[in-house]
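Inspection log for the structure reproduced underneath, given as structure tokens.
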Amino acid sequence: MARISGVDLPKKKRIEYGLTYVYGIGLYASRQILDATGIDYNKRVYELSQDDVAAITNEIRENHVVEGDLRKQVAMDIKALMDLGSYRGLRHRRGLPCRGQKTKTNARTRKGKRKTVGAA
């Protein structure tokens, strides 16, 4: 099993899709990495040699922000919005959607379990 950026990639999947299991790498970035390293998209994860894994790891380390560093960066960006007092920061602080969705009927994921108000 290939281990890249602290993530075990699924053995049977094509490497093109296996790389997307790393936080911060989508399909487009995965294809960019494979193009840069010269590895075929159709190769399965278990078919990768140690040199292939090393090349992919090196490419990710040099040109992409992934996993813990990316999570930290996103958290710091959200904290900066909150400290700044921007509208998006206030929405984050209150636990409400901050991208313009309506909240009268939906948004249960962000708002949490229903709290009945004024029921007799």
Filter region 70-120 down to the residues that are among the polar types (S, T, N, Q) and under 30 Å from residue 5 (Cβ atoms), then identify the one that is nearest to the chain's Cα centre (by Cα). 73
Take the residues in region 71-120 that are assigned to a helix (DSSP H, G or I) and small (Gly, Ala, Ser); name whichever of them is nearest to residue 23 (Cα to Cα). 75
Go through region 1-31 residue by residue and tally those that are of a type in the set (A, V, I, L, M) and farther than 16 Å from residue 48 by Cα. 4
Answer with yes or no whether residue 33 is touching a His at 6+ places or on another chain (Cβ under 9 Å) and either assigned to a loop (DSSP other than H, G, I, E, B) or surrounded by 11 or more Cβ atoms within 10 Å (Cβ to Cβ) (or both). yes
For the subset of region 46-63 comprising residues that are under 23 Å from the mean Cα position of the chain (by Cα) and small (Gly, Ala, Ser), which member is surrounded by the fewest Cβ atoms within 10 Å (Cβ to Cβ)? 54
Test residue 26 against the stated conditions and say whether it is free of Cβ contacts under 8 Å to residues at least 12 places away in the same chain and more than 12 Å from residue 60 (Cβ to Cβ). yes
Could you check region 69-82 and list, in sequence order, the residues that are in contact (Cβ under 8 Å) with a residue 12 or more places away in the chain and out of contact with any His (no Cβ under 6 Å at 6 or more places or on another chain)? 70, 71
Going by the structure shown, is residue 96 hydrophobic (A, V, I, L, M, F, W, C) and within 30 Å of residue 108 (Cα to Cα)? yes
Tell me, please, whether a residue that is aliphatic (A, V, I, L, M), outside the structural domain of residue 101 (by TED's automatic domain parsing), part of a helix (DSSP H, G or I) and in contact with an Asp or Glu (Cβ under 9 Å, 6 or more places away or on another chain) can be found in region 9-29. yes
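The values are calculated or read from the model by the stated rules, or taken from the named source; none is laboratory data. This is a predicted model, so every value here is computed, not measured. Here the Cβ is made from the backbone with ideal geometry for all residues, glycine too, and neighbour counts use every protein chain on show.
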